[in-house]
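Asker: Starting off with a structure, shown below.
The values are calculated or read from the model by the stated rules, or taken from the named source; none is laboratory data. Computed from a prediction, not measured in an experiment: that's the story for all the values here. Neighbour counts run over all protein chains shown; Cβ positions are idealised from the backbone, glycine included.
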């Protein structure tokens, strides 16, 4: 992969100086079109060997364009707020919004490459990490981002020369650290690991461009030209079409059976038992959250269900048992302007809790495959890919120590009607019923199909769905508490 | 202050149970009106002695209302991201947006009271902290927030009884810590400090309500009723009128002299000197940011100036000397939806940098007293109070270790006209000139008056303005770099 970047590519000074003014003007033009259009974000990943002029390239890009609309991110030690969340959280919080450019000098590639080169992770773990990176980038691309990745390459000799040169100049001596020489001694190892990383993450949507870094002029010009060309193409070309959907959604079984209809909604809990059980399970839950080991975990609860299925009541029975200072409830409504400028999952990532905390989502990221699918708010391709993106998201949550429980609260259409009518009559609950609720009721079959698909595609071993028979509220609430306690007990 | 909270206030069970359903319904109603109106945020501060049922009261509020629109905040140890910023940053990031309720169980009062009770700060420092709190709360009120503060009081005997009772019950034993008993032994000290704090922060807009906490029913009912009454009054009453402005803005001197007109705009720097000086000062700045002591500071730069005064060029000359990964430029444009739901300064607080970082504001919080004043985007009372709020904000930044430099870039109206015309002719810079720029030009005298007021009222010893004569761009840029280096050298 690096052969053509060891040919001694160079641009002479005169040619460089002749080209730069035009390139700069065109880049600035393109950047302003991007800012004005707010059409998509640009994500630049800059990787490469030590001393290969990464900072100088980043500086040139900031010089050529308007730096006020560019955000450059380095990779310093993670803060404790970052350490208490999935590894990728720190990158999610740095993603540029639509219309802006984010440059990652040090990125999601740094950890896997360095860890593997040092032999601290095995090859399988490296490949696993790279697969996660590939899926992350695919999500960015599907969400419309322009992702450009540059690898700054130096041959072994060239790197040695570069480090020596930097060391010789008193102005740049500080740039060369012991770590750089240590990595130089590991040149072949790093090269092999980097090659593996580049090879397996060079995709059609986000290919790597390896750039020879011996001549700074050549290097900067190459990056500038590619950026301009790709940016211009996206700005002037048609919006990328969503990928065609190959597999049709899982239809309801041909025999009319499905997992929702198979629920036994007649299950009931008499009032006396309910009150006793409520006290038992809430007490148990409270004790569990005061378990010492709980400090190393967070709890993320997802409540989904038909309108009037009892989400609010279920959540309340959980929070009654909790220290409210360690607990946040996020009701999911329409996204804000800042959220709309980011990939779909961004507005959930921003609520990923620290350790020792509860985060309760009243409706959630599953809106994509439920209401957005049924109401046609997004293309089929978008909600079809959401299943995989959601599974990846949840996988990261669970790997980072979060206990994730997802509840689908099920009621029959007849019970829903009864509750709607009761709500309209009760002054106390009138705010809970809107015209939209009545409209959604007419789409019951479409929602049922969407729910069944969702359960099939996202009920995984690490993040299973719990179906909660909620025809009887008491029964449903106790099932939620019982399930939650069991999940906590399994981990703590 | 605590006398009437030691009378043994109590409500019998029957009376309590009769009142609660109606109270709950009315609170829920009011909460939903608040959520729907998005008119103002509600901030509840719950303070008081240990064991005085603070959590139980918070739980009751969450029980009575819809907890999805309430956020309860405790006071755990600050994260490193919080420790690297002013003390109040952690509270600013938790402020509820308009339409929501934030409950602070542990608040900005905790630190001053505890530190003073332990004798770790002197009385003068306590009073200083309380004065800051008072100003912070006044800002919240002026921004429209409903601020309610409750102090849960127990007499010495009552507290002892309560702690013993909690310890006796196996279900609540965990709540009583050694720290609680230690604080009990310091009862009189805590009482005296708390009294001082309450007395000096009980203002007309945010009075404290001391509540006797011996009877939990009485306590909860008292809080619920007051919250309902105050919330209802704000929802149904007229929007609070801005305070009348007593002092007129500083007019331009009667003799037509002002600080801007007194600048010597003829100062120039020849090209050869400019290039030499640029290299010198950029090199010096770069060295300074690599100084070990820099890791304990952050740098916050504010660039203000007339249109076309050279803010972008000035910023660029600074960033050229910096590690771009440690530097963020925030151009200030119209606030986003999330920002509009918060107090004015919130959108700047969210960009307060960590230590070791540069944050550059291209236009800033001074918009309030410049464009918003001149264009009439806010009431006179709002921009008049902004001077004090800004000084408080900057004081907190500087106290936390930030190096704050504020640049006003000054040009003559004639030079502005020349630059506007040149921009219109240059394809390269055409994006820099809009119709609005031409309109603003007509308001030159109004802007000049606003700038002079701003300089008079916000150029303080800890955060002085630097007036940059920018008629000659070279001269202005070097003055910026020189000033910045001097500021860093004074601190490092």
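Asker: Checking residue B:230 against (1) surrounded by fewer than 21 Cβ atoms within 10 Å (Cβ to Cβ); (2) assigned to a loop (DSSP other than H, G, I, E, B), which single condition isn't satisfied?
Answerer: Every listed condition holds for residue B:230 apart from (2).
Asker: Being buried (at least 18 other Cβ atoms within 10 Å of the Cβ) and assigned by TED's automatic domain parsing to the domain that holds residue B:198 narrows it down to one of B:74, B:51, so name that one.
Answerer: Going through B:74, B:51 in turn, the sole match is B:51.
Asker: Would you confirm whether any residue within the stretch A:469-480 is in contact with a helix residue (DSSP H, G or I) (Cβ under 9 Å, 6 or more places away or on another chain) and surrounded by fewer than 14 Cβ atoms within 10 Å (Cβ to Cβ)?
Answerer: Looking through the stretch A:469-480, none of the residues is in contact with a helix residue (DSSP H, G or I) (Cβ under 9 Å, 6 or more places away or on another chain) and surrounded by fewer than 14 Cβ atoms within 10 Å (Cβ to Cβ).
Asker: Return the total of residues in the stretch A:51-76 being more than 10 Å from every other protein chain (Cβ to nearest Cβ), closer than 25 Å to residue A:174 by Cα and not in a helix (DSSP H, G or I).
Answerer: 3
Asker: Hey, does the stretch B:82-94 have a residue that's within 11 Å of chain A (Cβ to nearest Cβ) and touching a strand residue (DSSP E or B) at 6+ places or on another chain (Cβ under 9 Å)?
Answerer: For the stretch B:82-94, residues within 11 Å of chain A (Cβ to nearest Cβ) and touching a strand residue (DSSP E or B) at 6+ places or on another chain (Cβ under 9 Å): present.
Asker: I've got another one for you. Return yes or no: is residue A:150 assigned by TED's automatic domain parsing to the domain that holds residue A:88, in contact with a helix residue (DSSP H, G or I) (Cβ under 9 Å, 6 or more places away or on another chain) and within 30 Å of residue B:289 (Cα to Cα)?
Answerer: On the way: assigned by TED's automatic domain parsing to the domain that holds residue A:88: yes; in contact with a helix residue (DSSP H, G or I) (Cβ under 9 Å, 6 or more places away or on another chain): yes; within 30 Å of residue B:289 (Cα to Cα): yes.
When the stated conditions are applied, residue A:150 passes them.
Asker: Further question on the same structure: Going by what's in this entry, would residue B:128 be described as in a loop (DSSP other than H, G, I, E, B) and without any contact (Cβ under 8 Å) to a residue 60 or more places away in the chain?
Answerer: In short, no.
Asker: Also: Sort through B:158, B:192, B:145, B:185 and tell me the only one that's assigned by TED's automatic domain parsing to the domain that holds residue B:97, more than 19 Å from residue B:54 (Cβ to Cβ) and over 33 Å from the mean Cα position of the chain (by Cα).
Answerer: Working: B:158 fails: more than 19 Å from residue B:54 (Cβ to Cβ); B:192 fails: over 33 Å from the mean Cα position of the chain (by Cα); B:145 fails: over 33 Å from the mean Cα position of the chain (by Cα).
On inspection, the qualifying residue turns out to be B:185.
Asker: In addition: How many of the residues making up the stretch B:333-351 are under 20 Å from residue A:100 (Cα atoms) and either more than 12 Å from chain A (Cβ to nearest Cβ) or more than 17 Å from the chain's Cα centre (by Cα) (or both)?
Answerer: Of the residues in the stretch B:333-351, 5 are under 20 Å from residue A:100 (Cα atoms) and either more than 12 Å from chain A (Cβ to nearest Cβ) or more than 17 Å from the chain's Cα centre (by Cα) (or both).
One line per residue, one yes/no per condition, for (1) outside any helix (DSSP H, G or I); (2) more than 24 Å from residue A:9 (Cα to Cα); (3) modelled with pLDDT of 95 or more:
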position	(1), (2), (3)
A:99	yes, yes, yes
A:147	yes, yes, yes
A:194	no, no, yes
A:197	no, no, yes
A:210	yes, no, yes
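Asker: Just the residues that are more than 15 Å from the chain's Cα centre (by Cα), in contact (Cβ under 8 Å) with a residue 24 or more places away in the chain and either surrounded by fewer than 15 Cβ atoms within 10 Å (Cβ to Cβ) or more than 14 Å from chain A (Cβ to nearest Cβ) (or both), please, taken from the stretch B:100-117.
Answerer: B:109, B:110, B:111, B:112, B:113, B:116, B:117
Asker: Would you check if residue A:354 is in contact with a helix residue (DSSP H, G or I) (Cβ under 8 Å, 6 or more places away or on another chain), under 18 Å from residue A:402 (Cβ atoms) and surrounded by fewer than 21 Cβ atoms within 10 Å (Cβ to Cβ)?
Answerer: For residue A:354, the condition - in contact with a helix residue (DSSP H, G or I) (Cβ under 8 Å, 6 or more places away or on another chain), under 18 Å from residue A:402 (Cβ atoms) and surrounded by fewer than 21 Cβ atoms within 10 Å (Cβ to Cβ) - is met.
Asker: Answer yes if at least one residue in the stretch B:33-48 is without any contact (Cβ under 8 Å) to a residue 60 or more places away in the chain and either on the phi < 0 side of the Ramachandran plot or away from every other protein chain (no Cβ under 12 Å) (or both), and no otherwise.
Answerer: No; the residues of the stretch B:33-48 include none that is without any contact (Cβ under 8 Å) to a residue 60 or more places away in the chain and either on the phi < 0 side of the Ramachandran plot or away from every other protein chain (no Cβ under 12 Å) (or both).
Asker: From B:230, B:175, which residue is within 18 Å of residue B:46 (Cβ to Cβ) and at pLDDT 95 or above?
Answerer: It is B:230.
Asker: Do we have residue A:462 as loosely packed, with under 14 Cβ neighbours inside 10 Å and either touching a strand residue (DSSP E or B) at 6+ places or on another chain (Cβ under 9 Å) or within 14 Å of chain B (Cβ to nearest Cβ) (or both) here?
Answerer: Here the answer is yes, as residue A:462 does meet what is asked.
Asker: Can you tell me which residue within the stretch A:309-321, out of those that are more than 9 Å from chain B (Cβ to nearest Cβ) and touching a strand residue (DSSP E or B) at 6+ places or on another chain (Cβ under 8 Å), is farthest from residue B:57 (Cα to Cα)?
Answerer: Selected residue: A:309.
Asker: Say whether the condition of being part of a helix (DSSP H, G or I) and in contact with a strand residue (DSSP E or B) (Cβ under 7 Å, 6 or more places away or on another chain) is met by at least one residue in the stretch B:401-423.
Answerer: Within the stretch B:401-423, the first condition is being part of a helix (DSSP H, G or I), and the residues that meet it are B:413-423.
Retained after the next criterion (residues that are in contact with a strand residue (DSSP E or B) (Cβ under 7 Å, 6 or more places away or on another chain)): none.
For the stretch B:401-423, residues part of a helix (DSSP H, G or I) and in contact with a strand residue (DSSP E or B) (Cβ under 7 Å, 6 or more places away or on another chain): absent.
Asker: Is it the case, given these coordinates, that residue A:28 is in a loop (DSSP other than H, G, I, E, B), under 26 Å from residue A:141 (Cα atoms) and either touching a residue at least 24 places away in the same chain (Cβ under 8 Å) or out of contact with any helix residue (DSSP H, G or I) (no Cβ under 8 Å at 6 or more places or on another chain) (or both)?
Answerer: No.
Asker: (1) at pLDDT below 95; (2) surrounded by fewer than 16 Cβ atoms within 10 Å (Cβ to Cβ): which one isn't true of residue B:260, the others all being true?
Answerer: The one condition residue B:260 does not meet is (2).
Asker: Which one of A:372, A:448 is in a helix (DSSP H, G or I), within 30 Å of residue A:85 (Cβ to Cβ) and either away from chain B (no Cβ under 14 Å) or free of Cβ contacts under 8 Å to residues at least 60 places away in the same chain (or both)?
Answerer: The unique qualifying residue is A:372.
Asker: Quick check on residue A:175: is it within 19 Å of residue B:327 (Cβ to Cβ), surrounded by fewer than 16 Cβ atoms within 10 Å (Cβ to Cβ), under 24 Å from the mean Cα position of the chain (by Cα) and within 14 Å of chain B (Cβ to nearest Cβ)? Lay out the reasoning, then the answer.
Answerer: Numbers: within 19 Å of residue B:327 (Cβ to Cβ): yes; surrounded by fewer than 16 Cβ atoms within 10 Å (Cβ to Cβ): yes; under 24 Å from the mean Cα position of the chain (by Cα): no; within 14 Å of chain B (Cβ to nearest Cβ): yes.
No; evaluated as a whole, the condition is false for this residue.
Asker: Still on this model: Determine whether residue A:333 is in the same structural domain as residue A:400 (by TED's automatic domain parsing), touching a strand residue (DSSP E or B) at 6+ places or on another chain (Cβ under 7 Å), under 16 Å from residue A:371 (Cβ atoms) and not in a helix (DSSP H, G or I).
Answerer: Considered against the rule, which asks whether it is in the same structural domain as residue A:400 (by TED's automatic domain parsing), touching a strand residue (DSSP E or B) at 6+ places or on another chain (Cβ under 7 Å), under 16 Å from residue A:371 (Cβ atoms) and not in a helix (DSSP H, G or I), residue A:333 comes out as no.
Asker: Being surrounded by 14 or more Cβ atoms within 10 Å (Cβ to Cβ), in contact with a helix residue (DSSP H, G or I) (Cβ under 7 Å, 6 or more places away or on another chain) and either outside any helix (DSSP H, G or I) or within 14 Å of another protein chain (Cβ to nearest Cβ) (or both) is the filter here, so list the residues in the stretch A:153-172 that pass it.
Answerer: Once the filter is applied, which keeps residues that are surrounded by 14 or more Cβ atoms within 10 Å (Cβ to Cβ), in contact with a helix residue (DSSP H, G or I) (Cβ under 7 Å, 6 or more places away or on another chain) and either outside any helix (DSSP H, G or I) or within 14 Å of another protein chain (Cβ to nearest Cβ) (or both), the stretch A:153-172 yields A:153, A:154.
Asker: Next question, about the same structure. Can you tell me which residue among A:290, A:325, A:357 is within 14 Å of chain B (Cβ to nearest Cβ) and in contact (Cβ under 8 Å) with a residue 24 or more places away in the chain?
Answerer: Exactly one of A:290, A:325, A:357 is within 14 Å of chain B (Cβ to nearest Cβ) and in contact (Cβ under 8 Å) with a residue 24 or more places away in the chain, namely A:357.
Asker: Restricting attention to the stretch B:381-399, does a residue exist that is more than 12 Å from the chain's Cα centre (by Cα), over 20 Å from residue B:436 (Cα atoms) and not in a helix (DSSP H, G or I)?
Answerer: no
Asker: Check the stretch B:400-417 and report whether any residue there is in contact with a helix residue (DSSP H, G or I) (Cβ under 7 Å, 6 or more places away or on another chain), closer than 30 Å to residue B:98 by Cβ and at pLDDT 95 or above.
Answerer: Taking every residue of the stretch B:400-417 in turn, at least one turns out to be in contact with a helix residue (DSSP H, G or I) (Cβ under 7 Å, 6 or more places away or on another chain), closer than 30 Å to residue B:98 by Cβ and at pLDDT 95 or above.
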